Amino acid sequence: MSNDSLLHSWLEDEQAARVRLAGPGVSSMAQLRERSGLEFLQAIGDGVLPSVPIGALMGFVPICWEPGRMVFQGTPGAQHYNPLGSVHGGYAATLLDSCVGCAVHSMLPAGKGYTTLELKINYIRAITDKIGPVRAEGKTVHVGGQTAIAEGRITDAQGRLYAFATTTCLVFAI
């Protein structure tokens, strides 16, 4: 697939995701507890449960969720800039924390939750509002009874890597 057609596909995917999503809000503990992690993410992606407020604030949406894998997409803009003239590292950190955490969540049974214990990020190149949409893809490395490990990458439609992360999450009963 050419870079132009891939970019077009990414933009179509993002638009379709935005149409499906419900407005931002917080799900109840009962809604979280009664679903597996994958079912919970599916309900958000299908607009059955509210979309995530941080996604609305930062302008990113869930594109793909499957066991052990989660993809978010957003287009960085001037509102994400730091005073040095590039997108603040917190934008990448938020995308990466979201994709790796949700990758872990996608593997958890009903009644289990998680929280980030550690997040390590390597920034590879500056993100600007000129690069178009970026995707943050998280994949699990290990999911155990008490801890889980995942890794994530932020890339653009040309395949350029902008940041890489690993996380360790605590897994617990809700």
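Read the figures in this text as sums done on the coordinates, not as results from a lab. Not measured: the values here are computed from a predicted model. Heads up, the Cβs are rebuilt from the backbone with ideal geometry, glycines too, and the neighbour counts pull from every protein chain shown.
Here are some notes:
- Among the residues of the range 126-165, those identified as β-branched (V, I, T), assigned to a strand (DSSP E or B) and closer than 17 Å to F72 by Cβ are V134, T140, I154, T155.
- Residue tally, condition closer than 21 Å to G90 by Cβ and in a loop (DSSP other than H, G, I, E, B), over the range 103-125: 2
- Looking only at the range 76-88, and only at residues there that are in contact (Cβ under 8 Å) with a residue 40 or more places away in the chain and closer than 20 Å to F164 by Cβ, the one that is farthest from the chain's Cα centre (by Cα): S86
- Residue in the range 124-135 that is within 17 Å of the chain's Cα centre (by Cα) and of a type in the set (D, E) present: no
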